[in-house]
Amino acid sequence: MPSMLVYRGDYGQLSLEEHSHPDIGAGEVCVALDTALVCSSDLHTIFHRRTAPTPLVLGHETVSVIDRIGDGGPTTDMQGIPLRTGDRVVWAVVASCGACGTCSRGWPQKCPGALKYGHVRLSSQEKWMGGFADYQVLKPGTSILRVPEHVPSRIAATIGCSTATVCAVLEAAGDIRDKIVLINGAGQLGMQAAIMAKSGGAKQVICLEAQPQRRTDAKRMGFVTIAPESMALMLTDATAGEPIDIYLELAGHVSDFSMLMQHLGVGSTIVFAGAVFPSPALPLDMETVIRKCITIKGIHNYRPEHLVRALAFASAHCHALSEFLTFGSLLPLREHAAVVQAGESGAFHRVGFTSG
Ligand SMILES: [Zn+2]
Ligand SMILES: [Zn+2]
């Protein structure tokens, strides 16, 4: 019988449960697990740093293989490529209605009727909605993309969460060419943003990161790195005294926001995307925002077109991403205790589950 890992609200615990093979309705697609990565947000839930409805099958950084397509289900992906049984696919984390006011205003990820994979309470109606399972059932309204053969599964699995989110963040940041970009956080999100900013023509990309190993990894990829405690001393040197044009907050916390604001230039843009859990309030000096004409934006999740851009980015840069991203345990579902422990250790960008 197929298995799923269920989070029932117990600290640090998932349990392996067997259920009968999923039934699919009209327009749905049943996909079988290839690789499901454990996102930081999954760990935040498992270790009670944020709340979630339980019982729950977590996991939303997934690449799977089409098992069956229900009657009237999609025959092509978002780019018009035919979809068939056996195809490797990724999909948008949110399935939205496409018709409500929120969807039509361009925020389908915030659709009040949206279903979010890896975030839906387990019930008899909504059973196969999370990545840490042998199967998932994709609902109508899900943006699906076929993955080119040369993209490794572990890189493909990042497309539907961190890579597409970074595409939305970079879009919010505006024109990146010849800009000085400061990225707070050199984890998976931060490094994908750094690689994307550099390939998009940024003049300089600087990474702020507290973890020494992550700074070493970012340096190896050719980025200037600064520890938060050295920011006062090193930021002016790193930019040769020039102001920062774009500040991407991807870590979820800022050590000295007031000082950062001093380094921002006229017309600069701040994008907040890291704090997807309760975080301390920032000291925001309104006069500085006004006098420097600073734009501040928040980004959560992404629209379907960002998924298309994410696939194109992962496809073009899979070598650099494979070189940089560190993967710890990628094991079958039954090895969940080891995978969760390795994820929580913070020693790797991602750990995860594979079929088998
Ligand atoms: Zn995620
Ligand atoms: Zn809607």
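Would you mind checking which residues have amide H under 5 Å from residue 244's amide H? H placed 1.01 Å from N; only 5 or more apart, or other chain.
264, 265
Under a GNM of the chain (C-alpha, springs under 10 Å), which listed residue has the highest mean-square fluctuation: 289, 147, 90?
289
Exposed loop chymotrypsin sites (Phe, Trp or Tyr not before Pro) only (DSSP loop, at most 15 other Cβ atoms within 10 Å): please give the longest stretch of the chain free of them, not including the sites.
Free of exposed loop sites, the longest segment is 48-356.
When the Cα centres of the range 5-37 and the range 193-209 are compared, how far apart do they sit, in Å?
The range 5-37 and the range 193-209 have Cα centres separated by 36 Å.
Specify the inter-centroid distance of the range 285-314 and the range 47-122, based on alpha-carbon positions, in whole Å.
22
Compute the helix-to-body angle for 304-316: its Cα long axis versus the longest principal axis of the chain, expressed 0 to 90° and rounded to tens.
80
With +1 on each Lys and Arg Cβ and -1 on each Asp and Glu Cβ, how big is the dipole of the chain about its Cα centre, in debye rounded to the nearest 20?
360
So how much slack lies between residue 178 and residue 286, counting 0.36 nm per residue of separation and subtracting their Cα-Cα distance, in nm? Display every interim value, and only then the final one.
Numbers: separation 108, 0.36 × 108 = 38.88 nm, distance 2.71 nm.
Difference between extended and current length: 36.2 nm.
Across bins of 10 angstrom width beginning at 0, how are the C-alpha pair distances of the range 166-298 distributed, in whole percent?
13, 49, 35, 3
Can you check what the Kirkwood hydrodynamic radius comes to for the range 250-337, Cα pairs only, in Å to one decimal? Can you show the working numbers first?
Details: mean 1/r = 0.0598 Å⁻¹.
That comes to 16.7 Å for the range 250-337.
Go ahead and set up a Gaussian network model of the chain, Cα springs under 10 Å, then flag whichever of 100, 39, 111 fluctuates most.
100
Hey, could you get me the Stokes-Einstein D for the chain, Kirkwood radius over alpha-carbon pairs, 20 °C and 1.002 mPa s, rounded to whole µm² s⁻¹?
Working: Rh = 20.9 Å.
The estimated diffusion coefficient comes to 103 µm²/s.
Report, in deg cm²/dmol and to the nearest 500, the calculated mean residue ellipticity at 222 nm for the chain, where each DSSP H run with n ≥ 4 adds -39500 (n - 2.57) and the sum is divided by the residue count.
-7500 deg cm²/dmol
Charges only on Cβ, +1 for Lys and Arg, -1 for Asp and Glu: so what's the dipole of the range 163-239 about the Cα centre, in debye to the nearest 20?
Using only the charged Cβ atoms, the result is roughly 200 debye.
Please work out the Cα convex hull volume for the range 145-186 and give it in Å³ per residue.
About 117 Å³ per residue, rounded to a whole number.
Would you work out which of 190, 252, 269 lies farthest towards the positive end of the dipole of the range 166-298, given +1 charges on the beta-carbon of Lys and Arg and -1 on that of Asp and Glu, about the Cα centre?
190
If you put +1 on each Lys and Arg Cβ and -1 on each Asp and Glu Cβ, how big is the dipole of the range 166-298 around its Cα centre, in Debye rounded to 20?
Details: 11 positive and 13 negative charges, 64 e Å.
Dipole size: approximately 300 debye.
For residue 326, which sequence-distant residues (separation of 5 or more, or a different chain) have an amide H within less than 5 Å of its own amide H, given hydrogens modelled in the peptide plane?
Here the answer is 349, 350, since their amide H atoms fall under 5 Å of that of residue 326.
Once Lys and Arg get +1 and Asp and Glu get -1 on their Cβ, which of 173, 233, 281 lies farthest toward the positive end of the dipole of the range 166-298?
173
Between the range 147-181 and the range 210-268, what is the separation of their alpha carbon centroids in Å?
Between the Cα centre of the range 147-181 and that of the range 210-268, the gap is 20 Å.
For the chain, modelled as a GNM with alpha-carbon contacts under 10 angstrom, which of 119, 317, 19 fluctuates the most?
Top of the fluctuation ranking is 19.
Quick note: the coordinates plus some simple rules give every number you see, no bench work behind them. The structure displayed is predicted, hence computed values, not measured ones. Note that each Cβ is placed from the backbone with ideal geometry, even for glycine, and that neighbours are counted across all protein chains shown.
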